[in-house]
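Visitor: Take a look at this one; I'll ask things after.
The values are calculated or read from the model by the stated rules, or taken from the named source; none is laboratory data. Model, not experiment: these values are computed from the prediction. No Cβ is skipped: glycine too gets one built from the backbone with ideal geometry, and neighbour counts run over all protein chains shown.
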Amino acid sequence: MLNDYICCRMSEKKLLDALSYHADGRPGKIEVISTKPTQTQFDLALAYSPGVAEPCIAIAENVDDVYKYTAKGNLVAVISNGTAVLGLGDIGPEASKPVMEGKGVLFKIFADIDVFDIELNCKDVDHFVETVKAMEPTFGGINLEDIKAPESFEIEERLKEALNIPIMHDDQHGTAIISAAGLINALRLVEKELSEVRIVVNGAGASAIACTKLFVSLGANKKNIVMLDSKGVLRSDRTDLDKYKNQFITDRDLNTLEEALVAADVFVGLSKGNILTPEMILSMAEKPIVFAMANPTPEIDYQLAVATRPDLIMATGRSDYPNQVNNVLGFPFIFRGALDVRATAINEEMKLAAVRAIADLAMQPVPESVMMAYNEKNLSFGPNYIIPKPMDPRLLTTVAPAVAKAAMDSGVAKFPIADWEGYHAELRKRLGIDNDFVNRLMTKAKTKPKRVVFAEADHIRILRAAEIAKRDGICEPILLGNPEAIQKMMDENFIEIPGVQMIDPRKQDDQLKEYGDLLFQKRSRKGLTGFEAEYQMRNRNYFGAMMVENGKADAFISGLTRNYPIALRPALDCIGMVPTTHRVSGMHIMMTKSGPVFFADTTVNIDMDENSVYEMVGLVHDRVKSFQIEPRIALISYSNFGSSTGKYPSMMQKVVKRLHTDRPEILVEGEMQPVYAIDGDLRSRRFPFNKLGDKSANVFIFSGLSSGNAVYQIMRSMGNMESIGPVLLGFKKSVHILHHSSSVREIVNMVALAVGEAQDK
């Protein structure tokens, strides 16, 4: 079974990419970081001995203070024994760990919940239960994962009885909650009542039984439900059924799936692929609902199903078809709401509240950002949209409050919420500004993908980035280099870029002549001859830049394997600057926890004069504004508002004075030391006249590379921060030069930024 699954998965997502993703850099997908300062001996004395004794004493006196002084209230354990992992089956606790780490990542990015994944080498129910019970003091909640049925039922039941914190087996209830929300909306569209419809459930494992129980809680009639396992219909005359399956036996004279589906209104599949035939669907009632949720292959192919029954509403477990039943729509937000009120359980009322919140959200107008994220132009409630999309930011602010309120109303909340408006604001803050920034870059690019020419297509990172950019609908890559060598590298590394254009400039005689003539026209009075101009075009950087200048491409990416000036010069010669600009500048974007921060100049100008800094501030301001971010600009020096003399403080003072007069719309101050730029409160107290008030600066302007590049490199390396850049400012068209250490992800981010810029040119 394992080998079959792997072979299936390899056809959809290359094994090499998946393994590299998990192995590159720090192995795995998670880490533990400190939330408090630890830089000094004083800090360490507070963090551990002797300072740590004080919260210990406080908690010993009042155990509920553990939520006040520790991370317990935001800490969930994802626990598995590896007996039912994805479609792989019983592969053991060690092999389940990548899945559990992945679950932790989803908890964090969607709901800002911290996770410890725990893999138990334990199949005995009693041993498993006792082990988890002993962990209760550590965690605010328990997410059980990938435990085979029927043991999973008993484990969850016993833990819910024994523990005083929220417990949920996501394989059961997560799928149940999302499918129930989808079913509610599907029935709304076909105008049928849940209490009246005939439901066929194929599968009798943990997920199937949990789904069916939740349908009943919502109003489905048990008498109208037929459930099947691998041996056929769960009939009252069968003697091989456990107590969980016995809940859904039928007295009807049915034995097979084919018989059960005749005149049925709803099919719910949690079994295996390709067991549902077109003939079976044709036998169903008018306007049938089919939830074929087997992964990776649904019970019936989506295209085949909708072609067979045009009146069908269908959902699957796959992201490449409409109406994906994805557990990530539920569990992060359910636990978020439960943790925020310190719920002692996740009860039926809370699950039903989540169902209704998710269902109702799908009926609301879809934000443009969500449609852009999924490259949809008209996403609205209907047969192809009965469940919200996972990237909808409203899920956190919709589902979590609904769950929290249900916990309060049902009496399991120990810390009720009084200020709902404040709670909503807190949830919005948890979404994270930095992720939103990158998402906005991506969504903007996807609205109108552009042609991006990569001058260094013989580099593996460039090819992987081009593959991702093409696959995600960000751009149409154009690869420069030897096509045979590029293809060989792609084949060796399992890289696929369907329909990609590959060009070897050395073999493009007509274009070499055409582009050479254009360059000669631009540079003939700069000492360049016609022969030299044509010869330059054999250089991929010159050829790629001229493609952009000549309208054969929209954006240019280079620099990964070339020194910065060598990669930059062709773009200056071929494309040039906007008429009002006298110098190109380089800006880096650092992704911090409080949002993106911008640094300039970080790559181009070794030393700058007053006019250059003045001009650069305007360029940076306008570029940051284009990201829908209000720039708060600090000019950085070793002096604070004239406290020291010298060439650079004096220059920065003059620039600020000119900007305040000439461009009062620019919020800029300086000169100042970095600490005053970052700490708005400190700056406001010390220099109350400053125009930034008590807000931290988000744009840092330096007088040249000796400071700007050094600060950016230190932050990137020591702060382990993701960066985007260098973002070149002042070019007529979209041109960007990478640094040698750019990761694949950073290159993709740069491509998205370049495409967005090309859209605006």
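Visitor: Condition first: surrounded by fewer than 22 Cβ atoms within 10 Å (Cβ to Cβ), under 16 Å from PRO388 (Cα atoms) and either outside the structural domain of ASN185 (by TED's automatic domain parsing) or at pLDDT 95 or above (or both). Now tell me which residues in the stretch 287-321 satisfy that.
Guide: Passing the criteria: none in range.
Visitor: Quick check, is ASP392 part of a loop (DSSP other than H, G, I, E, B) and closer than 21 Å to PHE110 by Cα?
Guide: yes
Visitor: I'm checking my understanding of the structure. Among residues of the stretch 246-267 that are part of a loop (DSSP other than H, G, I, E, B) and without any contact (Cβ under 8 Å) to a residue 40 or more places away in the chain, which one is surrounded by the most Cβ atoms within 10 Å (Cβ to Cβ)?
Guide: LEU254
Visitor: Within the stretch 121-141, can one find any residue that is among the acidic types (Asp, Glu) and in contact (Cβ under 8 Å) with a residue 40 or more places away in the chain?
Guide: So far as the stretch 121-141 goes, no, none of its residues is among the acidic types (Asp, Glu) and in contact (Cβ under 8 Å) with a residue 40 or more places away in the chain.
Visitor: Please work out which one of (1) touching a strand residue (DSSP E or B) at 6+ places or on another chain (Cβ under 9 Å); (2) modelled with pLDDT under 95; (3) over 19 Å from TYR244 (Cβ atoms); (4) not basic (Lys, Arg) is the condition LEU75 fails and give its number.
Guide: (2)
Visitor: Scan the stretch 559-572 residue by residue and report those that are closer than 17 Å to GLY730 by Cβ and either outside any loop (DSSP other than H, G, I, E, B) or hydrophobic (A, V, I, L, M, F, W, C) (or both). Steps first, please.
Guide: Within the stretch 559-572, the subset closer than 17 Å to GLY730 by Cβ is 559, 564-565, 567-572.
Of everything in the stretch 559-572, those that are closer than 17 Å to GLY730 by Cβ and either outside any loop (DSSP other than H, G, I, E, B) or hydrophobic (A, V, I, L, M, F, W, C) (or both) turn out to be TYR564, PRO565, ALA567, LEU568, ARG569, PRO570, ALA571, LEU572.
Visitor: With in a loop (DSSP other than H, G, I, E, B), more than 34 Å from the chain's Cα centre (by Cα) and farther than 17 Å from VAL233 by Cβ as the only criterion, which of GLU279, GLU286 stands out?
Guide: Testing whether each residue is in a loop (DSSP other than H, G, I, E, B), more than 34 Å from the chain's Cα centre (by Cα) and farther than 17 Å from VAL233 by Cβ leaves just GLU286.
Visitor: Just checking, how many residues over the stretch 289-328 are in a loop (DSSP other than H, G, I, E, B) and touching a strand residue (DSSP E or B) at 6+ places or on another chain (Cβ under 9 Å)?
Guide: So in the stretch 289-328, the residues in a loop (DSSP other than H, G, I, E, B) come out as 293-301, 309-312, 317-323, 325-326.
Still in the running and touching a strand residue (DSSP E or B) at 6+ places or on another chain (Cβ under 9 Å): 293-295, 298-301, 309, 312, 317-318, 321-323, 325.
Number of matching residues: 15.
Visitor: Would you mind finding the one in ALA457, ALA485, ALA445 that is within 28 Å of SER626 (Cα to Cα) and touching a residue at least 24 places away in the same chain (Cβ under 8 Å)?
Guide: Exactly one residue qualifies, and that residue is ALA445.
Visitor: Has the stretch 332-340 got at least one residue that is charged (D, E, K, R) and either part of a loop (DSSP other than H, G, I, E, B) or without any contact (Cβ under 8 Å) to a residue 40 or more places away in the chain (or both)? So that I can check it myself, show each step before the final result.
Guide: Filtering the stretch 332-340 down to residues charged (D, E, K, R) leaves 336, 340.
Applying the additional criterion that residues be either part of a loop (DSSP other than H, G, I, E, B) or without any contact (Cβ under 8 Å) to a residue 40 or more places away in the chain (or both) yields none.
No.
Visitor: Tell me, please, whether a residue that is farther than 18 Å from ASN327 by Cα, in contact (Cβ under 8 Å) with a residue 60 or more places away in the chain and touching a Leu at 6+ places or on another chain (Cβ under 9 Å) can be found in the stretch 358-367. Outline the logic, then answer.
Guide: Going through the stretch 358-367, the residues farther than 18 Å from ASN327 by Cα turn out to be 363-367.
Adding the requirement that they be in contact (Cβ under 8 Å) with a residue 60 or more places away in the chain leaves 363.
Filter again for touching a Leu at 6+ places or on another chain (Cβ under 9 Å), leaving none.
There is no residue in the stretch 358-367 that is farther than 18 Å from ASN327 by Cα, in contact (Cβ under 8 Å) with a residue 60 or more places away in the chain and touching a Leu at 6+ places or on another chain (Cβ under 9 Å).
Visitor: Can I ask one more? Mind telling me which of the residues LYS243, LYS272 ends up being surrounded by fewer than 21 Cβ atoms within 10 Å (Cβ to Cβ), within 23 Å of ARG318 (Cα to Cα) and modelled with pLDDT under 95?
Guide: So the residue among LYS243, LYS272 that is surrounded by fewer than 21 Cβ atoms within 10 Å (Cβ to Cβ), within 23 Å of ARG318 (Cα to Cα) and modelled with pLDDT under 95 is LYS272.
Visitor: With the structure loaded, tell me whether PHE687 is within 25 Å of GLY595 (Cβ to Cβ) and touching a Gly at 6+ places or on another chain (Cβ under 9 Å) or whether it fails that test.
Guide: no
Visitor: Is it the case that ALA53 is assigned by TED's automatic domain parsing to the domain that holds GLU130 and either closer than 22 Å to PHE107 by Cβ or surrounded by fewer than 17 Cβ atoms within 10 Å (Cβ to Cβ) (or both)?
Guide: Here the answer is no, as ALA53 does not meet what is asked.
Visitor: Next up: Could you tell me which numbered condition GLY618 fails, if it satisfies all but one of (1) surrounded by fewer than 21 Cβ atoms within 10 Å (Cβ to Cβ); (2) not in a helix (DSSP H, G or I)?
Guide: Result: GLY618 fails condition (2) only.
Visitor: Quickly run through the stretch 32-64 and pick out the residues that are of a type in the set (S, T, N, Q) and part of a helix (DSSP H, G or I). Walk me through how you get there before you give the answer.
Guide: In the first step, residues of the stretch 32-64 are kept if they are of a type in the set (S, T, N, Q); the result is 34-35, 38-41, 49, 62.
Scanning the stretch 32-64 gives a single hit, GLN41.
Visitor: Would you pick out the residues in the stretch 214-224 that are surrounded by fewer than 21 Cβ atoms within 10 Å (Cβ to Cβ) and either in contact (Cβ under 8 Å) with a residue 12 or more places away in the chain or out of contact with any helix residue (DSSP H, G or I) (no Cβ under 9 Å at 6 or more places or on another chain) (or both)?
Guide: First, the residues of the stretch 214-224 that are surrounded by fewer than 21 Cβ atoms within 10 Å (Cβ to Cβ): 216-219, 221-224.
Across the stretch 214-224, the qualifying residues are SER217, LEU218, GLY219, ASN221, LYS222, LYS223, ASN224.
Visitor: Can ALA425 be described as surrounded by fewer than 21 Cβ atoms within 10 Å (Cβ to Cβ), more than 23 Å from LEU159 (Cβ to Cβ) and small (Gly, Ala, Ser)?
Guide: Considered against the rule, which asks whether it is surrounded by fewer than 21 Cβ atoms within 10 Å (Cβ to Cβ), more than 23 Å from LEU159 (Cβ to Cβ) and small (Gly, Ala, Ser), ALA425 comes out as yes.
Visitor: Looking only at the stretch 353-389, which residues are more than 25 Å from PHE107 (Cβ to Cβ) and charged (D, E, K, R)?
Guide: Passing the criteria: GLU368, GLU376, LYS377.
Visitor: Hey, could you check the stretch 519-549 for residues that are of a type in the set (S, T, N, Q) and part of a helix (DSSP H, G or I) and say which is nearest to GLY481 (Cα to Cα)?
Guide: Looking at the filtered set, the residue picked out is ASN541.
Visitor: Somewhere in the stretch 732-747, is a residue surrounded by fewer than 16 Cβ atoms within 10 Å (Cβ to Cβ), free of Cβ contacts under 8 Å to residues at least 12 places away in the same chain, on the phi < 0 side of the Ramachandran plot and not assigned by TED's automatic domain parsing to the domain that holds HIS621?
Guide: yes
Visitor: Here's another thing I want to ask about it. When the residues of the stretch 570-592 are filtered to those that are aliphatic (A, V, I, L, M), farther than 22 Å from SER717 by Cα and out of contact with any Asp or Glu (no Cβ under 7 Å at 6 or more places or on another chain), which remaining residue is surrounded by the fewest Cβ atoms within 10 Å (Cβ to Cβ)?
Guide: The extreme case among them is VAL578.
Visitor: ASN709 - would you say it is closer than 29 Å to HIS740 by Cβ and touching a Lys or Arg at 6+ places or on another chain (Cβ under 8 Å)? Walk me through it before giving the result.
Guide: Details: closer than 29 Å to HIS740 by Cβ: yes; touching a Lys or Arg at 6+ places or on another chain (Cβ under 8 Å): no.
Against the criterion (closer than 29 Å to HIS740 by Cβ and touching a Lys or Arg at 6+ places or on another chain (Cβ under 8 Å)), ASN709 does not qualify.
Visitor: Ok, one more. In this structure, does ILE486 turn out to be farther than 21 Å from PRO726 by Cα, modelled with pLDDT of 90 or more, among the β-branched types (Val, Ile, Thr) and part of a helix (DSSP H, G or I)?
Guide: Considered against the rule, which asks whether it is farther than 21 Å from PRO726 by Cα, modelled with pLDDT of 90 or more, among the β-branched types (Val, Ile, Thr) and part of a helix (DSSP H, G or I), ILE486 comes out as yes.
Visitor: Can you pull out every residue in the stretch 30-50 that is surrounded by 10 or more Cβ atoms within 10 Å (Cβ to Cβ) and closer than 30 Å to VAL99 by Cβ?
Guide: Result: ILE30, single match.
Quick grid of which residues meet (1) in contact (Cβ under 8 Å) with a residue 60 or more places away in the chain; (2) of a type outside the set (Phe, Trp, Tyr); (3) over 28 Å from VAL748 (Cα atoms):
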| residue | (1), (2), (3) |
| --- | --- |
| ALA469 | yes, yes, no |
| MET490 | no, yes, no |
| LYS507 | no, yes, yes |
| PHE520 | no, no, yes |
| ARG525 | no, yes, yes |
| LEU528 | no, yes, yes |
| GLU532 | no, yes, yes |
| MET546 | no, yes, no |
| ASP573 | no, yes, no |
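Visitor: OK, next. Limited to the stretch 82-129, what total is found for residues that are in a strand (DSSP E or B) and not small (Gly, Ala, Ser)?
Guide: Final tally of qualifying residues: 7.
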